[in-house]
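What follows is a short report on a single structure.
Each reported figure results from applying straightforward, stated rules to the coordinates on display, with no laboratory input. Just so it is clear, the structure is predicted and the values come from calculations on it, not from any experiment. When we count neighbours, we look across all protein chains shown, and the Cβ atoms used for this are built from the backbone with ideal geometry, even at glycine.
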Amino acid sequence: MQRRTFIQNTGVLTAALTTAGPGLLASSPQQTAAKNKLPKWKGFNLLDFFSPDPSKSRRATQEDHLKWMQDWGFDFVRLPMAYPYYLKFDRSRNITPDEVYQIDQQAVDQIDQLVSLAHKHNLHISLNLHRAPGYCVNAGFNEPYNLWTDKAALDAFCFHWNMWAKRYKNVSSKKISFDLLNEPSMRADMNDQHSKRSSVPGEVYRQVALAASEAIWKENKSHLIIADGNDTGSSVIPSITDLNIAQSCRGYNPGIISHYKAPWANKDPDHLPEPKWPGQVGDKYLSRAMLETFYQPWIELVNKGVGVHCGECGCWNKTPHDVFLAWFGDVLNILSTNGIGFALWEFIGDFGILNSGRSDVSYEDWHGYKLDRKLLDLIKKM
């Protein structure tokens with residue numbers, strides 16, 4: 001699937017915001033040294049509601065999938081949602097600002113069913129607006145306004161989050177969290193994937209994050225809120241470190257490893273240097289040391305008492321499997337030893353542990369699926 005056009009500019013994805021206060025959970029014993037206020041959740045992103053067009057959505061997650069996750073020792077699921085998925089409007093034309101409020105209750109019920117099934121199998125659910133009114137890191141759906149500059153977009157953003165907060169008003173923060181917006185940035189044209197991109201000004205980000213958080217806390221002051229960092233997830237945001245909002249980082253650095261030959265992430269995917277880990281790749285020497293430098297800001301946040309989780313991580317299926325596992329082992333070890341949990345993008349598919357389509361893996365048959373046992377064993381032990 002097409003995952004992250006913006007990587008062509010940075011080769012990196014990471015995210016963060018801050019946390020403290022009633023919505024956050026106490027550290028577990030293995031997290032004491034790192035002081036992480038978030039549990040060290042481990043799990044997967046599920047893409048059932050990722051497409052803005054329900055007719056193009058993935059095959060629905062089955063209860064067996066959730067049972068397997070639980071049996072394998074995982075406890076976390078992130079649901080990246082596109083808000084148009086659960087709206088009623090004429091999809092033969094561009095959406096209007098008024099139509100952004102037209103909730104399709106049947107679609108919302110579908111989402112609720114998956115949430116309930118996940119809870120049945122003791123999986124924490126993190127609801128995420130991957131596409132919010134006025135912003136998505138990916139184009140492909142015409143937004144009627146800009147979340148960062150237009151009050152109408154911010155009002156709609158708050159409306160959607162208040163709806164979800166109200167729906168789960170009485171659900172414990174141990175079972176559900178609200179991940180405000182996937183990988184934000186400022187883009188010159190919200191509907192042009194390749195238009196000029198820059199950081200969201202700190203005070204603008206604070207305004208948007210605080211408004212949405214207040215819309216959520218209006219329903220339950222202990223609701224747990226998580227948010228991704230600036231620059232499509234690569235930068236800590238000092239302007240919101242005093243807010244009761246947890247942070248989410250990424251596990252895609254460097255992009256030459258995680259998105260090798262990905263056509264949506266590279267201008268010339270057929271002429272890239274062969275990935276190695278560790279080793280010289282192009283003009284850079286790739287090593288664990290560079291990862292330690294990359295994650296240092298997130299580790300510092302954890303040690304300051306800020307809750308941090310890695311909401312997305314993984315590798316597209318064209319990177320040689322041994323290189324992928326060597327690199328990913330270092331990524332997860334750095335996160336894990338600092339009390340930071342993670343969610344693989346995805347469970348089933350090109351980045352996943354099932355049916356990833358790699359040409360250099362000896363798959364194990366798993367109830368009709370092709371299981372990457374080496375990858376599963378790696379993430380289970382972290």
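Can you tell which of Gly202, Ala139, Trp264 lies farthest toward the positive end of the dipole of the chain, using +1 and -1 charges on the Cβ of basic and acidic side chains (Lys, Arg; Asp, Glu)?
The residue sitting farthest along the positive end of the dipole is Gly202.
Could you go through the stretch 107-116 in sequence order and give the Karplus-derived ³J(HN,Hα) for each residue, using 6.51 cos²θ - 1.76 cosθ + 1.60 with θ = phi - 60°, rounded to whole Hz, and x for Gly and Pro?
5, 4, 4, 4, 5, 4, 4, 5, 4, 5
What whole-number distance in Å separates the alpha-carbon centres of the stretch 97-167 and the stretch 307-347?
Measuring centre to centre over Cα atoms gives 26 Å.
Per DSSP H run of n ≥ 4, the term is -39500 (n - 2.57); total these for the chain, divide by its residue number, and report the mean residue ellipticity at 222 nm rounded to 500 deg cm²/dmol.
-9000 deg cm²/dmol
Apply the Karplus parameterisation 6.51 cos²θ - 1.76 cosθ + 1.60, with θ equal to phi minus 60°, to every residue of the stretch 232-246 and state each ³J(HN,Hα) to the nearest whole Hz, in sequence, with x for glycine and proline.
Karplus values, whole Hz, x for Gly and Pro: 6, x, 9, 10, 5, 10, x, 5, 10, 5, 8, 8, 7, 9, 7.
Taking amide H positions as placed 1.01 Å from N in the peptide plane, with prolines and chain starts having none, which residues 5 or more places from Thr319, or on another chain, fall under 5 Å of its amide H?
Under 5 Å from the amide H of Thr319: Tyr260.
Scan around Ala246 for amide H atoms under 5 Å from its own, H built in the peptide plane at 1.01 Å from N, and keep only partners 5 or more places away or cross-chain.
Sorted by chain and number, the residues that satisfy this are Ile225, Ile226, Ala227.
Amide H neighbours of Tyr145 under 5 Å, counting only residues 5+ apart in sequence or on other chains, H built in-plane at 1.01 Å?
Answer set, sorted by chain and number: Gly134.
Local charge sum around Tyr363 (other residues, Cβ-Cβ under 15 Å, Lys/Arg +1, Asp/Glu -1)?
Result for the neighbourhood of Tyr363: -2.
Output the pairs from Lys88/Lys318; Lys42/Lys276; Lys196/Lys284 with a Cα-Cα distance over 29 Å in this structure; if there are none, say none.
Those over the limit are Lys88/Lys318.
Taking θ as phi - 60°, what are the ³J(HN,Hα) couplings along the stretch 275-281 by the Karplus curve (6.51, -1.76, 1.60), each to the nearest whole Hz, with x for Gly and Pro?
x, 9, 8, x, x, 7, 10
Ranked highest first by the average count of other Cβ atoms within 10 Å around their residues, in what order do 298-311, 240-253, 271-284 fall? Intermediate values should be presented prior to the final figure.
Details: 298-311: 23.0, 240-253: 25.3, 271-284: 14.4.
Taking the mean over residues of other Cβ atoms within 10 Å, the ranking is 240-253, 298-311, 271-284.
Taking the highest mean first, how do the peptides 60-66, 43-49 order by number of other beta carbon atoms within 10 angstrom per residue?
Ranking the peptides 60-66, 43-49 by packing returns 43-49, 60-66.
Report, for the chain, the % of DSSP beta bridges that are antiparallel, rounded to 5. Don't jump to the answer; show the numbers that get you there.
Working: 13 of 44 bridges.
So the antiparallel bridges in the chain amount to around 30 percent.
Only one of the values [x] 19.4, 54; [y] 21.8, 94; [z] 20.6, 67 was calculated from this structure for Rg and Dmax of the Cα atoms in Å; name its label.
The listed entry that was calculated here is [x].
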